[in-house]
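Below: one structure, written as structure tokens.
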Amino acid sequence: MTVQELIKEICRNADWYADKFKVSVDKEFAALNLVKEIGQFAEARLIEQGISTKKLNAAEAKDRMTQELVDIMALAIINADLYDIDLEKALREKWIDKTGS
């Protein structure tokens with residue numbers, strides 16, 4: 001699957017989510033949910049470090065961090081789509097081309 005195909009599938013899933021839960025996945029929704037997911041990742045990291053009141057074993061903590069990172073990535077993609085940002089091009093220009101990789 002190419003990056004563009006992945007982006008299309010994620011955006012298609014956002015449309016499905018909007019229909020299922022009768023919400024508008026607009027710029028405000030996407031931005032606020034991205035922030036929410038970042039907070040949930042931070043919480044998962046605290047759990048993984050053992051410095052939270054919530055306790056999970058190592059595998060469960062890693063799975064929770066994984067799930068939150070997936071949500072962050074998907075919401076970043078949805079935000080980019082809503083702002084008509086070519087994420088693949090921007091990633092290449094900022095993270096690949098500048099480093100000489």
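The values are calculated or read from the model by the stated rules, or taken from the named source; none is laboratory data. Nothing here was measured: the structure is a model prediction, and the numbers come from that model. Glycine gets a Cβ as well: all are built from the backbone with ideal geometry, and neighbour counts include every protein chain shown.
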Candidate set from the stretch 19-53 (those that are free of Cβ contacts under 8 Å to residues at least 40 places away in the same chain and among the acidic types (Asp, Glu)); member that is nearest to Leu75 (Cα to Cα): Glu37
Some residue of the stretch 92-99 being surrounded by 11 or more Cβ atoms within 10 Å (Cβ to Cβ) and hydrophobic (A, V, I, L, M, F, W, C): no
Residues within the stretch 33-52 that are among the β-branched types (Val, Ile, Thr) and assigned to a loop (DSSP other than H, G, I, E, B), tallied: 1
Selected residue (criterion: farthest from Asp84 (Cα to Cα)) from residues of the stretch 37-57 that are exposed (fewer than 14 other Cβ atoms within 10 Å of the Cβ) and among the basic types (Lys, Arg): Lys55
One residue from Glu68, Glu60 being within 18 Å of the chain's Cα centre (by Cα) and either surrounded by 14 or more Cβ atoms within 10 Å (Cβ to Cβ) or more than 18 Å from Ile38 (Cβ to Cβ) (or both): Glu68
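One line per residue, one yes/no per condition, for (1) hydrophobic (A, V, I, L, M, F, W, C); (2) modelled with pLDDT of 95 or more; (3) in a helix (DSSP H, G or I):
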{"site": "Met1", "(1), (2), (3)": "yes, no, no"}
{"site": "Arg12", "(1), (2), (3)": "no, yes, yes"}
{"site": "Asp19", "(1), (2), (3)": "no, yes, yes"}
{"site": "Ala31", "(1), (2), (3)": "yes, yes, yes"}
{"site": "Lys54", "(1), (2), (3)": "no, no, no"}
{"site": "Leu69", "(1), (2), (3)": "yes, yes, yes"}
{"site": "Ile72", "(1), (2), (3)": "yes, yes, yes"}
{"site": "Ile78", "(1), (2), (3)": "yes, yes, yes"}
